[in-house]
Amino acid sequence: MGKKFSGKAIYNPSGKAEEYSYWACNFYIGCTSACDYCYCKSLLRGTWSDKPVLKKSLIDEITAFEIFKKEADKNLSELRNHGLFFNFVSDPFLHETINLNMLAIFYCINNNIPVKVLTKQTWWIPEWVSKMKDSRVFKYMAIGFTLTGFDYLEPGAAKTSERIAALKHFNDLDMMTWASMEPVIGLDISLEMIRRTQGTVDLYKIGLKSGDHQDMHSLEKFIDTVISENPYKKIYFKDSLLLQAGINRNDLPSHNCVTRDYNIFTDTDIER
């Protein structure tokens, strides 16, 4: 009989996180980016740490990977259909987390599971990009960077300019790229981030800071501007943002405004 594990690495996110992915993987809790606006600090009060710690139920990294493989194999069909997101309660490319996350990412790619990653780090690119130069990686991996435009609120993360340069680098390599404009801290700054990455990002995901309230008319103008200036890029506005703007998702133009069901890996409009 195979070894039984009680820990869990792969799961179905709920609430606002579900808007990003139906399936996600978290090995660690905690992050060194030390973002001032981080929602995890309050959401995971008692377990959160400014240094990532492997989830206790996963025991150690060797066991964690064995658990991951069993869960991935068990849900192979679903994961191939929806993809797997790395990570909601940490950053997959921290010095402390990258080895295990990359091991899992390559396991997914070798089993035709699309992978969506989100990071604020760029230090890893020179070391790891040569290992990623494989056609399967470019077909099954979409890499995203969070862009708030406020470096002083993210003291442990790479500078915004470095993240934007990284997006261009991966786009030049013909890898699928996306940007998370969440949280939107300043509408004008978020619009600037989008303008600075035009031509290098395939998908934008835009959301407000949890509990934040913006002027409805300013939000409406922001949304209209983003849509009109990006007619050939895909945009996902989170539910809470549209609600505050008083806009029904069904009223958005379907040629570039997508729903949570959007699959970047099967979009025939993205030419590679």
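Overview of values
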item	result
Inter-label distance for N12 and Y152, nm, one decimal - labels placed 7 Å from Cα along Cα-to-Cβ	4.4 nm
Hydrodynamic radius of region 128-204 per Kirkwood, over alpha carbon pairs, in Å	13.0 Å
Reduced Cα scattering model of region 69-139, Debye log10 I(q)/I(0), q = 0.12, 0.20, 0.23, 0.25 Å⁻¹	-0.31, -0.87, -1.12, -1.27
C-alpha center-to-center spacing [region 29-104, region 179-236] in angstrom	27 Å
Mean shadow area of region 223-272, taken as a quarter of the surface of its Cα convex hull (nm²)	3.7 nm²
Ratio of the Cα radius of gyration of region 9-115 to 2.2 N^0.38 Å, where N counts its residues	1.03
Portion, in percent, of the accessible area of region 1-131 that falls on carbon or sulfur, probe 1.4 Å	53 percent
Residues with amide H under 5 Å from that of K209, placed H, sequence gap 5 or more	V184
All Cα pairs of region 99-139, percent lying beyond 10 Å	75 percent
q = 0.13, 0.23, 0.24 Å⁻¹, region 171-272: log10 I(q)/I(0) [Debye, one scatterer per Cα]	-0.43, -1.35, -1.46
Once the Cα gyration tensor of region 182-221 is diagonalised, semi-axes √(5λ) in Å	20, 11, 8
Fraction of accessible area attributable to carbon and sulfur, region 213-265 (%, probe 1.4 Å)	49 percent
Sequence of K55, K139 when ordered by accessible area, the most exposed leading, probe 1.4 angstrom	K139, K55
The chain: Cys lacking any partner C-beta under 4.7 angstrom	C25, C31, C40, C108, C257
Stokes-Einstein D for region 106-242, Kirkwood Rh over Cα pairs, 25 °C, 0.890 mPa s (µm²/s)	156 µm²/s
Computed Kirkwood radius, in angstrom, where 1/r is averaged over Cα pairs of the chain	19.1 Å
Lysine pair number, Cα distance threshold 16 Å (strictly under), region 118-214, separation 8 or more or different chains	6
HN-Hα J in Hz across region 49-55 - Karplus 6.51, -1.76, 1.60, θ = phi - 60°, x for Gly and Pro	9, 6, 10, x, 10, 4, 4
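The values are calculated or read from the model by the stated rules, or taken from the named source; none is laboratory data. Note that the coordinates shown come from a computational prediction; the quantities given were computed from them, not determined experimentally. So basically every Cβ, Gly included, is an ideal-geometry build from the backbone, and we count neighbours across all protein chains shown. Keep in mind that these areas ignore ligands, DNA and RNA; they rest on the heavy atoms of the full protein, side chains included. Shrake-Rupley method; radii C 1.70, N 1.55, O 1.52, S 1.80 Å.
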